[in-house]
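> Before anything else, here's the structure in question.
The values are calculated or read from the model by the stated rules, or taken from the named source; none is laboratory data. Computed from a predicted structure; not experimentally measured. Neighbour counts are summed over all protein chains in view; Cβ atoms, including those assigned to glycine, are modelled from backbone coordinates with ideal geometry. Each accessible area value is taken on the protein alone, full model and side chains, heavy atoms only, with ligands, DNA and RNA left out. Shrake-Rupley method; radii C 1.70, N 1.55, O 1.52, S 1.80 Å.
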Amino acid sequence: MLNVVTVNTNPYEGQKPGTSGLRKKVKVFLQENYTENFIQSILDANKDSIAGSTLVVGGDGRYLVKEVVDKIIKICAANGVAKLLVGQNGILSTPAVSCIIRKYKTLGGIVLTASHNPGGINNDFGIKFNCSNGGPAPDNTTNEIYSLTTRIKQYKIVPDLVCAVNEIGTQTFTVEDRQFVVEVIDPVKDYVDYMKEIFDFPKIKTLIQGSEQRAPFKMLIDCMSGVTGPYVKRIFISELGAPEDNVIRATPLEDFGGAHPDPNLTYAADLVTAVKNGDYDFGAAFDGDGDRNMIIGRDAFFVSPSDSLAVLAENALCVPYFSKHGVRGFARSMPTAAAVDRVAAKHGKEMFEVPTGWKYFGNLMDAGRLSLCGEESFGTGSDHVREKDGVWAALAWLSVLAASGRSVQGTLEAHWAQYGRNYFTRYDYEECASDPCNEMMQALEKKITAPGFVGSSYSSGNKTYVVKLADNFSYMDPIDKSVAMKQGLRIIFEDGSRIVLRLSGTGSSGATVRLYIDSYEATDVRGDAQEMLRPLIEVALDISQLRQYTRRDAPTVIT
C-alpha cells in the first residue's frame with residue numbers, strides 16, 4: 001500500500017496560462033515545486049470531478065517530458081484520480097490527445113508541449129489542460145488555474161509510486177484505501193484508426209503508388225524531429241505504401257535535433273530546398289507536437305495557411321468524413337486572411353471570425369455549427385477532434401489531389417481564378433523587450449481609436465489606403481455569450497486591406513510581436529505576395545512605429 005504525502009509549498013509568480021497553456025524555459029520548470037504547483041492547480045480547478053476520474057497524459061517528446069509524466073502520475077494518484085491513459089514513453093501528439101479524450105470519454109488530459117517552440121535544456125517546456133471535449137481549456141478554466149497558483153500552499157503526492165511508461169500495458173496500484181490504474185497505451189493506434197475512418201486510404205494509396213492512369217505521386221514529409229514521426233511512419237509508410245525515404249526527421253528528439261520545430265518557410269527551409277531541387281510533387285512539415293502543418297507543391301510552391309483553409313473548405317466533400325457527416329460552418333482566427341469567407345458565402349455556410357487560440361472554435365463545434373477551421377499560424381483542422389491537426393491536414397490535401405488529378409499549384413490557381421486571391425504575410429519579431437512592446441501597443445491603440453483616424457489616408461508607392469475601421473478586436477461567443485476583449489489591433493481600409501498587430505501568447509520569454517498584412521485582388525492573382533503587399537507593409541511599419549519600438553530593422557521570421 002502506498003501513502004499520500006502532503007508537501008508544503010509557496011506560490012510562484014507568473015503561472016498564467018497563455019493562448020495554449022503555461023510555457024516557460026525548462027529551467028523555470030526545474031525550480032523546486034514549480035511544476036508540482038501547476039499540476040496540483042490543474043487538478044484543483046476540476047474540483048469534485050477529479051475524484052474517480054480518468055485523464056489522458058502525454059507530450060511531444062521534448063526535454064523534461066518523461067520526468068514531468070512521472071510527477072503527474074504521482075500527483076494524480078494522491079488526488080483521487082482513478083485512472084490515467086499515458087502514451088508509451090510519455091509520447092502523444094496534441095491531436096492524438098484530443099482524439100483519445102473524446103474516444104474514451106475522459107474528464108480531460110494533461111498535455112506536455114511547447115508546440116512549435118524549441119526544445120532542450122536551454123529552451124522551452126509547456127503544460128496545458130484539455131477538457132472533456134478534447135479541446136484546450138476555456139478562459140474561465142485557465143483563469144481558475146491561474147488563481148489557484150497564486151495562493152497554493154500545499155500539494156499532494158505519492159512519492160514512492162514507481163510506474164514504468166516504456167512498455168504498453170496496465171499497472172494497478174493501491175494508494176491508501178483506493179485503487180489507482182495507469183494504462184500505458186500505444187500512442188499511435190487510436191489516432192491512426194480514426195484517420196482510416198475519416199479518409200479513403202485506398203484512394204490516397206493509389207495516388208501515392210500510382211496507377212495505369214497516373215505516375216506515382218512523390219512526397220517528402222518532414223516531421224522536424226517532433227512527435228509526428230511515429231504517426232507519419234505508421235500512416236504514410238505502413239498504411240499508404242510510401243517509400244521510406246519520403247519521410248525525414250521521423251525520430252522524436254528531446255531537443256528536436258537543435259532545430260526550431262515550426263513548419264514555416266524559415267524553419268523548414270531544408271524541406272523547401274529539397275522539394276525545390278528534387279523530383280517531388282508534394283511536401284509537408286509538422287511542428288513539435290503535431291498540430292501545425294505547412295504544405296508545399298512541386299518546385300516548393302508555397303500554400304499559405306489562409307489559402308489552405310479555403311481550398312479544403314471548397315473541396316471538403318472529397319473527404320468521406322464530410323460526405324457522411326455534412327459540412328456546417330467555417331471559421332478562422334481574426335488575423336487569418338478572409339479567403340475562406342468567400343467560400344462560405346458561395347456555399348451558404350455560416351462563417352465565424354474568432355480570436356487567436358483553438359479553444360475559441362470548440363464551442364462552435366460542440367454546438368454543431370462548425371465543421372472546418374484554421375489559423376494563419378499554420379493550423380488547420382475540423383470537428384473530428386478539438387485541436388488543430390497537422391497530419392489530418394496533409395491527408396485532407398492528398399484527398400483533394402487524388403480526387404481532382406491537379407497539382408498543388410494547379411489547385412491553387414484554379415481556386416484563385418474562381419474566388420480571387422487574398423495576399424497575406426506575417427512578420428514575427430521574436431523575443432523583443434516586453435516594456436517597449438507594451439508601450440507600442442498602448443500608443444497604437446490610442447492613435448487608432450482617436451477621433452479623425454477613421455477616414456484618414458496613407459500612401460506608399462502608387463497605393464493610397466483610406467481607413468474604414470480601427471479597433472481592438474473583441475469577440476462574443478455566440479454559444480455561451482462569453483466575451484474576449486483586446487484580442488489584437490485592427491486597421492481595416494476601404495478596399496478591404498487590413499493591418500493587424502498582436503503580442504503573441506505562445507512565447508516563453510520576452511515579447512513576440514506579430515504583424516499581419518492582407519489585401520484582396522480579384523484578378524491579379526499570380527504575383528509575389530511580398531511584392532504585392534510592399535506598399536501596405538510600409539504603411540503598417542509607419543503607423544505602428546514598429547521598427548523604433550522593437551529596435552529591429554527586420555523581422556525574425558516572414559511567412
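> First select every other residue whose beta carbon is under 13 angstrom from the beta carbon of Tyr429; then total the charges, Lys and Arg +1, Asp and Glu -1.
On the way: positive: Arg426, Arg502, Arg514, Arg547, Arg551, Arg552; negative: Asp428, Glu430, Glu431, Asp553.
Taking every other residue near Tyr429 into account, the sum is +2.
> If you average the alpha carbon positions of segment 35-107 and of segment 322-368, how far apart do those two centres end up, in angstrom?
30 Å
> Find the percent of Cα-Cα distances in segment 421-558 that exceed 23 Å, and round it to a whole number.
On the way: 3442 of 9453 pairs.
Roughly 36 percent, rounded to a whole number.
> Right, here's the next one. If packing is taken as the average number of other Cβ atoms within 10 Å across a peptide's residues, how do 514-520, 448-454, 177-183 rank, most packed first? Can you show the working numbers first?
Numbers: 514-520: 23.0, 448-454: 12.9, 177-183: 15.3.
In descending order of packing, they fall as 514-520, 177-183, 448-454.
> Hey, another quick one. Taking the solvent-accessible surface of protein heavy atoms with a 1.4 Å probe, what is the per residue accessible area of segment 421-558 in Å²? Show your work: numbers first, answer last.
Numbers: 6610 Å² over 138 residues.
For segment 421-558, the per-residue accessible area is 48 Å².
> Which value, in debye to the nearest 20, describes the size of the charge dipole of segment 5-187 about its Cα centre when Lys and Arg Cβ atoms bear +1, Asp and Glu Cβ atoms bear -1, and nothing else is charged?
Numbers: 19 positive and 17 negative charges, 75 e Å.
With Lys and Arg at +1 and Asp and Glu at -1, about 360 debye.
> Could you pull the accessible area for Lys481 with a 1.4 Å probe, rounded to 10 Å²?
120 Å²
> Taking the highest mean first, how do the peptides 252-262, 113-123 order by number of other beta carbon atoms within 10 angstrom per residue? Don't skip to the answer; put the middle values down first.
On the way: 252-262: 21.0, 113-123: 22.9.
Ranked by mean Cβ neighbours within 10 Å, highest first: 113-123, 252-262.
> I would also like to ask the following. Could you work out how far helix 65-78 tilts from the main Cα principal axis of the chain, as a 0 to 90 degree angle to the nearest 10?
50 degrees
> Round to a whole angstrom and tell me the spacing of the C-alpha centers of segment 198-230 and segment 282-312.
Answer, in whole Å: 14.
> Net charge near Val68: determine it from the other residues with C-beta under 15 Å of the C-beta of Val68, scoring Lys and Arg +1 and Asp and Glu -1.
Working: positive: Arg23, Lys24, Lys25, Lys27, Arg62, Lys66, Lys71, Lys74, Lys128; negative: Glu32, Glu36, Asp60, Glu67, Asp70, Asp124, Glu254, Asp289.
Combined, the nearby Lys, Arg, Asp and Glu give +1.
> Then there's this: Report the local net charge at Tyr155: Lys and Arg +1, Asp and Glu -1, summed over other residues whose C-beta lies under 13 Å from its C-beta. Working shown, then result.
Details: positive: Lys71, Lys74, Arg151, Lys153, Lys156; negative: Glu32, Glu36, Asp44.
Here the charged neighbours net out to +2.
> So, with a 1.4 angstrom probe, what is the percent of accessible area on the chain that is carbon and sulfur?
On the way: 9960 of 21230 Å².
With neighbouring chains kept in place, the figure for the chain is 47 percent.
> Another question, then. Report, in degrees rounded to the nearest 10, the 0 to 90 angle that the Cα long axis of helix 408-419 makes with the longest principal axis of the chain.
60 degrees
> May I pose another question? Taking 7 Å along the Cα-to-C-beta vector as the label spot, tell me the Gln545-Glu167 distance in nanometres, rounded to one decimal.
Result for the modelled spin labels: 6.5 nm.
> I've got another one for you. Specify the angular offset, from 0 to 90 degrees and rounded to the nearest 10, of the alpha carbon long axis of helix 305-314 from the longest principal axis of the alpha carbons in the chain.
90 degrees
> May I pose another question? Given (1) 14; (2) 10; (3) 20 as candidate values of percent of Cα pairs over 48 Å apart, which corresponds to the one derived from the coordinates?
Of the listed options (1) 14; (2) 10; (3) 20, (2) comes from this structure.
> Counting only heavy atoms of the protein chains, get the accessible area per residue of segment 5-187 (1.4 Å probe) and round it to a whole Å² value. Walk me through the intermediate numbers first.
Values: 6790 Å² over 183 residues.
It amounts to 37 Å² per residue over segment 5-187.
> Now, a different point. Could you put Met532, Met334 in order of accessible surface area, largest first, with the 1.4 Å probe and the full protein assembly present?
Details: Met532 50, Met334 0 Å².
My answer, sorted largest first, is Met532, Met334.
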